[in-house]
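The values are calculated or read from the model by the stated rules, or taken from the named source; none is laboratory data. Every value quoted in this text rests on a predicted model; they were computed, and no experiment measured them. A quick note on method: Cβ atoms are made from the backbone with ideal geometry, for glycine too, and the neighbour counts reach across all protein chains shown.
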Amino acid sequence: MQADYFFGAPVVKAKVKYKIQRYNYSKNWYPIGIWDWLYEPGYWWFAYNYDWYPGWRFWGCEKPWGFWNPFNPTPPELIASNEVPIGNDGSVEIIIDTEAAKAIHGDKDHKYEITAEVTDESRRTIVGTNSIIIAKEPFKVYAWVDRGYFKTGDVINADFMSQTIENSPVQGKGILKLFKITLDKNEMPEETEVEKWEIDTNEQGQAKIQFKAGQNGQYRLSYTVTDSANHAIEGAYVFSVVGENINPANFRFNELEIIPNKKEFAPNDKANILINANYPDSTVLLFIRPSNGVYLEPKVIYMNGKSTEEIIEITKKDMPNIFIEALTINNGQVYTEIKEIVVPPEKRVLNVEVLTSKETYKPGEKAEIKLKITDIFGKPFKGTLALTVYDEALEYISGGSNVPEIKAFFWKWRRSHYTQTSSNVSEESYPIYINTDKRMQLIGAFGNLLGWSKQDNSFATDGDVGSGQRLEEGGSKSRSLSISMRKEKKSESIASQDAMKCADMEAMPAPCAAAPSELSTGASASGEQAALQPTIRTNFADTAYFAGTIDTDSEGLASVSFDMPENLTGWFIKVWAMGHGTKVGEGKVKVVTKKNLLLRMQSPRFFVETDEVTLSANIHNYLSSEKEVTAVLELEGDTLSLIGEAKQIIKVSSKGEQRVDWQVKVIKEGTATLRMKALTNEESDAMEMKFPVYVHGIMKTVSKSNAMRPETRESEITFSVPAKRKPDETLLEIRYSPTLAASILDALPYLADYPYGCTEQTLNRFLPAVLARKVLKDMNIKLPDIAKHTTNTNAQETGNDSERMKGWKRYKTNPVFNEQILDEMIEVGFRKLYSMQLGDGGWGWFSGYGETSSPHLTSIVIHGLQIAELAGLTPLKEVMEKGVYWLLKYQKEEIQQLKNAEKEIKPWKTYADDMDAFIFMVLSDAGKFNKEMSEFLYRDRTKLKFYAKAMYGLALFNQKEVEKYTMIMQNIEQYVVQDKENQTAYLNLQNGDYWWYWYGSEFEAYAYYLKLLSRIKPKDDLTSGLVKYIVNNRKNATYWNSTRDTALCIEALAEYMKASGETEPDMNLVFSIDGKKIKEVQINSENLFTYDNKIILQGKEVTDGEHKILIEKSGKGPLYINSYLSYFSLEDFITKAGLEIKVDRKYYKLIESTKETLTAGSRGQAVSQKTQKYDREEITPDTVLK
């Protein structure tokens, strides 16, 4: 492991904490294609996975694994973890022994992941990760051909690659054999050698051959490479030569295959597609150009034998890809196969070359950069460039560049498709047991089926725990490899040469903790006199240079120059190019800014009053000899105070590093300027940075809530004001109201709008307007009066009262303060609803030919017309009667189905449902009470949702069924949750996944429950608590979820106000603080919307210490009070505070521990292996972190 700073020097005097984990590893390699960036590597791979072919698992190559296939990796095994000092050259060497993995998991490749945390003298920790692959075989041989299939006489171009699992080429002796495949009586392949060649791999591990296709048939091209260590490895490829006289008996395929004849196609090409089915004379459905699971009508193919060839005309619209899907049925199984046909876009890629005047610069030195653009053919290209130069450390922080590759950004779009197939032959079966039967258990240590292995004549479980799949037949020899990390053998290093760079981020100092210094202090007059005064570095930038538009000349050339910042770090120069036809490309190089003697400042990003902080300077000496260095700290301003000496003299060896620490105390808020110097007689360095100093404290609000019932005469609120605060930023606000529900009257002018759309949309615009009319009538309020009101009656809301109303605006046509316009909107709604009534008396989603009535829509329309009637309007009697008749008919049919359930006579249903409850309430309001349905609903009340229970309870209340509605109330109240501190109540609704149904709206359920409570116990604490909860839980403190549930909530709240008497308050209030009267207020029905609703004390009016607010009330009606004490706290320990919403924040220290888990070995044996886990230890305010 090698740790370097971004400016290139190795990290010394550091600790390295590392851990090593082993993973099962699987990776396929595919020959490089020019369109890999667009279609992913292996996009053109023709061959299928022939698991049925003996040995294919060893010499074959799997086709690319689609992202849609599930992958459940085995958890990693913890091999080792330790903490060690780093070497003088910034490296650490460790040894990984792979013998155990070979013995236990010898049938797999392995990946060892090494994670290292390096903590240097500045106490900054940087994490680096790399991995090394351990292969079961020393190398692998790949074979492939240039086409999907061949005709007799075609030229076959075959290529071969011999390389290690890490893609290093292997040169060796090669034997190439061509086998013709025939099938025995069991349809297993038999091979006959047709031809043999001696072809060796070159230095790049490559080999190739060209030969002509002979007779029709299936062939296996087998290439065996022997390396210098005498390891012989085989790679092979199966292909077909087809003609007009194909003998289906001599071919074996997978159940269904789609093979194009070429890798890529262009517009106007004819794509020859070979369809193979393993069952002779199959019928195949061929879908051409399906996309995103959507299909056109398929072509039906009646195959003659096992193969057929289809031709598809490729058009320009097919770019960049299309899909072909085939389906066939064989032996009661449905088989599908999808193939992507690649039609690349026109070549629109540019090459960008970046040339710098130097690789290493001094801080502030001028840098010159030359740029060149060429097209894909290497010709100069005239285009436009964008260039940025940024700190390499940014990519460490972000985890890499967050800018995607430009050619992929512009050209990587392609169609997607996934199969959509369902059939009656894919039904699953399972054993049926009698309850008393003893069930059979799954076999195996991991609950798997056992699979037979011919290798050792024994059963074995799959290596993937819990997968329930059988092992493949056969086995493989594996080799072990012990890796020793040697400095002199970089190729065997665990981490590659450019991995694990430790970041030096001077412009973003990390928080520091005090640590004992090993440095001597004192003065050296001679050293100080001979010291060179440095240029103080102050220009620390994340971005050194940016240019959004740089035009190249006709030769494709451009140049820029700029001064490098004074950071000592690595810099990425990144260039993007674009030109005519959206041709795009990019280039990237790295340069470094560094000095031979440098200082790195270590400081928090900000300071806080009262803190004591350790400031550090890490001094690096890359001069040729040891140096005596005078380290100096200079502070500007009065925000920080130095504890101890400002100068310290140390010795730093050549290529060495030392840290100097200073203690400072934070005195006051403002801006701190820190200047650190490292002075020698040969070269010096200095840094200056400014940091904010924050006050020790936060803005805090302590909220309290109180409610006085009508009979309550006195109440008090206590609060404490700390002495350590900013007095000028202290505010006490007390708000009070005789009714919270009245606050929603603000919404009435904003609910009205002209109806439109389908039946439900029409009603959801009509109903709010009707409800607004009804509430205005019930409360004897005029619309123009609402426009004049200045008081927010919701004591829980702060801010400007008159501005509060504007939050309700939703439509262009509102607010409506004119009652004539409101009546016009209602009339339009009446006419639309009448016109949408169907011939049978009901309502559907739309009116017209083929429309059918819906019980849901008919119920809500009749219910809306009933509300209009209560509001003093006169719906057409004929329309109401026809709608009620339709509901009566529907209810009669439902009752008959419920009766049929006893004898299971079709049609029948087991329970009365939520729709029955809704219709029952609507018909009850129409005077049509059905005793039979009432009994069924009462019997099945536990099956009803809260919404439907409340509706049923309202109907029972209207019929004076006291015993039954009392039981319904008890059924609902067992789910009530009350918050005494905030005086709220709500239902623990258990709708589960049914929220989208008509009965699933939370607030519609609350509205109907509130209507029921308002009729049975309007002055109960539970009722007022539910009101407060409903008012509190509005979206953006205005609407609820929709205009419909908003309208229903307003209707319910208005009914509550009338029933509870909150519409007619008459009270006198006296407010005192610590026995001193501060305000007296009278509230009655005449000034309900104009009374003075708040008390505000601020600044010096709020004194330190404990205080008591006394509220004295005389007269009638309830009172709701909220107090808000806000102040900027300067306390040493700031306590938590909250009302209704509270955050309980906890911090934990993660303590590393190792656990043991079971996994499967190569022979199916249970193997115990270590995995890394963490235990949590809570950090309390008095915990000392070390």
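Please determine whether any residue of the stretch 139-151 is more than 21 Å from residue 48 (Cα to Cα) and surrounded by fewer than 19 Cβ atoms within 10 Å (Cβ to Cβ). Give the steps one after another, and end with the answer.
The first filter runs over the stretch 139-151 and keeps only residues more than 21 Å from residue 48 (Cα to Cα), leaving 139.
From what's left, surrounded by fewer than 19 Cβ atoms within 10 Å (Cβ to Cβ): none.
Among the residues of the stretch 139-151, not one is more than 21 Å from residue 48 (Cα to Cα) and surrounded by fewer than 19 Cβ atoms within 10 Å (Cβ to Cβ), which makes the answer no.
With a cut-off of at least 1 residues that are modelled with pLDDT of 95 or more, touching a strand residue (DSSP E or B) at 6+ places or on another chain (Cβ under 7 Å) and over 30 Å from residue 793 (Cβ atoms), name the strands (runs of 3 or more DSSP E) lying wholly within the stretch 635-723. Break it down stepwise before answering.
Working: elements: 640-643, 647-652, 656-666, 670-679, 685-694, 698-708, 714-721.
Filter on the stretch 635-723 gives 640-643, 647-652, 656-666, 670-679, 685-694.
Considering only residues that are among the aromatic types (Phe, Trp, Tyr) and either modelled with pLDDT of 95 or more or in a helix (DSSP H, G or I) (or both), look in the stretch 863-910 and name the one that is farthest from residue 768 (Cα to Cα).
First, pick out the residues of the stretch 863-910 that are among the aromatic types (Phe, Trp, Tyr): 885-886, 890, 908.
This time we only want the ones that are either modelled with pLDDT of 95 or more or in a helix (DSSP H, G or I) (or both), so: 885-886, 890.
Working: 885: 26, 886: 25, 890: 27 Å.
In this case the residue turns out to be 890.
Show me the strands (runs of 3 or more DSSP E) entirely contained within the stretch 1104-1186 in which 3 or more residues are exposed (fewer than 14 other Cβ atoms within 10 Å of the Cβ) and touching a residue at least 40 places away in the same chain (Cβ under 8 Å).
On the way: elements: 1105-1116, 1119-1129, 1147-1160, 1166-1179.
Those strands (runs of 3 or more DSSP E) span 1105-1116, 1147-1160.
Quick check, is residue 1075 surrounded by fewer than 17 Cβ atoms within 10 Å (Cβ to Cβ) and either out of contact with any helix residue (DSSP H, G or I) (no Cβ under 6 Å at 6 or more places or on another chain) or not assigned by TED's automatic domain parsing to the domain that holds residue 1125 (or both)? Even if it seems obvious, please write down each step before you answer.
Working: surrounded by fewer than 17 Cβ atoms within 10 Å (Cβ to Cβ): yes; either out of contact with any helix residue (DSSP H, G or I) (no Cβ under 6 Å at 6 or more places or on another chain) or not assigned by TED's automatic domain parsing to the domain that holds residue 1125 (or both): yes.
Yes.
For (1) over 21 Å from residue 202 (Cβ atoms); (2) more than 42 Å from the chain's Cα centre (by Cα), each residue gets a yes or a no:
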position	(1), (2)
117	yes, no
120	yes, no
124	yes, no
130	yes, no
146	no, no
151	yes, yes
154	yes, yes
159	no, yes
163	no, no
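Restricting to the stretch 344-384, and then to whatever is among the charged types (D, E, K, R), out of contact with any Gly (no Cβ under 7 Å at 6 or more places or on another chain) and in a strand (DSSP E or B), can you tell me which residue is surrounded by the most Cβ atoms within 10 Å (Cβ to Cβ)? It would help to see each step written out before you state the result.
Applying the first criterion (among the charged types (D, E, K, R)) to the stretch 344-384 yields 346-348, 353, 358-359, 362, 365-366, 368, 370, 372, 375, 379, 382.
Restricting the remaining residues to those that are out of contact with any Gly (no Cβ under 7 Å at 6 or more places or on another chain) gives 346-347, 358-359, 362, 365-366, 368, 370, 375, 379.
Now restrict to residues that are in a strand (DSSP E or B): 366, 368, 370.
Working: 366: 12, 368: 12, 370: 14.
It comes out as 370.
For the stretch 579-591, name all the residues that are surrounded by fewer than 19 Cβ atoms within 10 Å (Cβ to Cβ) and not basic (Lys, Arg). I'd like the intermediate steps shown before the answer.
Taking the stretch 579-591 first, the residues surrounded by fewer than 19 Cβ atoms within 10 Å (Cβ to Cβ) are 580-582, 588-590.
Within the stretch 579-591, 580, 581, 582, 589 meet the criteria.
Could you please find all residues in the stretch 122-181 being among the charged types (D, E, K, R) and in a strand (DSSP E or B)? Walk me through how you get there before you give the answer.
Let us first name the residues in the stretch 122-181 that are among the charged types (D, E, K, R), namely 123-124, 136-137, 140, 146-147, 151, 154, 159, 166, 173, 177, 180.
Of everything in the stretch 122-181, those that are among the charged types (D, E, K, R) and in a strand (DSSP E or B) turn out to be 140, 151, 159, 173, 177, 180.
Here is a list of conditions, (1) closer than 30 Å to residue 124 by Cα; (2) not in a loop (DSSP other than H, G, I, E, B), and residue 13 meets all of them except one; can you say which number that is?
Exception for residue 13: condition (2).
When you scan the stretch 574-586, how many residues do you find that are assigned to a strand (DSSP E or B) and under 21 Å from residue 346 (Cα atoms)? Working first, answer last.
As a first pass, look at the stretch 574-586 and keep what is assigned to a strand (DSSP E or B): 574-579, 583-586.
Add one more test, that the residue is under 21 Å from residue 346 (Cα atoms), and what stays is 576-579, 583-586.
Adding up the residues that qualify gives 8.
Looking for whichever is out of contact with any Phe, Trp or Tyr (no Cβ under 7 Å at 6 or more places or on another chain) and without any contact (Cβ under 8 Å) to a residue 40 or more places away in the chain here; the options are 119, 129, 182, 125. Which one fits?
Working: 119 fails: without any contact (Cβ under 8 Å) to a residue 40 or more places away in the chain; 129 fails: without any contact (Cβ under 8 Å) to a residue 40 or more places away in the chain; 182 fails: without any contact (Cβ under 8 Å) to a residue 40 or more places away in the chain.
Only one candidate passes the filter, namely 125.
Taking residue 275 and the conditions (1) closer than 20 Å to residue 416 by Cβ; (2) out of contact with any Phe, Trp or Tyr (no Cβ under 6 Å at 6 or more places or on another chain), which numbered condition does it fall short on, given that it satisfies the others?
Evaluating residue 275 over (1) closer than 20 Å to residue 416 by Cβ; (2) out of contact with any Phe, Trp or Tyr (no Cβ under 6 Å at 6 or more places or on another chain) leaves (1) as the failure.
So which residues in the stretch 194-216 are in contact with a Gly (Cβ under 7 Å, 6 or more places away or on another chain), farther than 16 Å from residue 173 by Cβ and not in a loop (DSSP other than H, G, I, E, B), if there are any at all?
212
Name every residue in the stretch 999-1031 that is among the small types (Gly, Ala, Ser), modelled with pLDDT under 90 and farther than 14 Å from residue 1050 by Cα, in order of residue number.
Here is the first cut: in the stretch 999-1031, the residues among the small types (Gly, Ala, Ser) are 1000-1001, 1005, 1007, 1014, 1024-1025.
Still in the running and modelled with pLDDT under 90: 1000-1001, 1005.
Across the stretch 999-1031, the qualifying residues are 1000, 1001.
So, in the stretch 4-57, how many residues would count as being closer than 15 Å to residue 143 by Cα, of a type in the set (A, V, I, L, M) and more than 33 Å from the chain's Cα centre (by Cα)?
Residues meeting the conditions: 1.
Quickly run through the stretch 1161-1186 and pick out the residues that are under 15 Å from residue 76 (Cβ atoms) and hydrophobic (A, V, I, L, M, F, W, C). Steps first, please.
Looking only at the stretch 1161-1186, we keep the residues that are under 15 Å from residue 76 (Cβ atoms), and these are 1167-1174.
Selection gives 1167 alone.
Kindly indicate whether any position in the stretch 91-100 is touching a residue at least 24 places away in the same chain (Cβ under 8 Å), in contact with a Ser or Thr (Cβ under 7 Å, 6 or more places away or on another chain), assigned to a strand (DSSP E or B) and loosely packed, with under 15 Cβ neighbours inside 10 Å.
yes
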